1. Can you bin every Cα-Cα distance in region 36-116 into 5 Å intervals starting at zero and give me the percent of pairs per bin, rounded to whole numbers?
2. With charges only on Cβ, +1 for K and R and -1 for D and E, what is the dipole size of region 36-116 about its Cα centre, in debye, rounded to 20?
3. Around Glu51, what is the net charge, scoring Lys/Arg as +1 and Asp/Glu as -1 over all other residues with Cβ under 14 Å from its Cβ?
4. Going by how many other Cβ atoms sit within 10 Å of their own, how do Ser38, Ser66 line up, fewest first?
5. Using modelled amide H (1.01 Å from N, peptide plane; none on Pro or chain starts), what sits under 5 Å from the amide H of Lys101, excluding residues fewer than 5 places away?
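Every read-out reported here was derived from the displayed coordinates using simple, explicitly stated rules and does not represent laboratory data. Remember, it's a predicted structure, so these values are computed and weren't measured experimentally. In this analysis, Cβ positions are derived from the backbone assuming ideal geometry, glycine residues included, and neighbour counts consider all displayed protein chains.
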Amino acid sequence: MDDKLNRRSFFQLALMGAVAVPFIAKTAKLFASDACPSTPPAGKAVAQAGEGMGKTLEYVSDATSSKNIKYKAGNNCGNCKFYNTAKADGGYAPCTMLGMKYVTNCGWCKSYSAKA
Ligand code: SF4
């Protein structure tokens, strides 16, 4: 009787593992694709917080670090209408408001405007 239960338990665990592993792998991949890029694209002008228009518009490369009262959780360059996705490169794209300098998709500035 115990052998049957153990065998049944083993197969139940194996089945749960077969279902869970692909789900976990897919979820991990989803989060990985949402990760903020760490390396700016080579040879591109990259906006810097505290410099030029970046300073004027209070640009930050990590939206969650913004102290501006206009910032709302979930808003970032990646979903802003000024982020030129057609020219995106490794999680960065040029921003119209920052003179077409590249900004990270995780950034934010006070000219943020949600994509329609
Ligand atoms: S205007 Fe939009 S894309 Fe450009 S820095 Fe500000 S939030 Fe980012």
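1. Calculated P(r), rounded to whole percents: 3, 19, 32, 27, 15, 3, 0.
2. Numbers: 10 positive and 4 negative charges, 50 e Å.
It works out to roughly 240 debye.
3. Neighbourhood net charge equals +1.
4. Values: Ser38 8, Ser66 21.
By the 10 Å Cβ count, ascending: Ser38, Ser66.
5. Cys95
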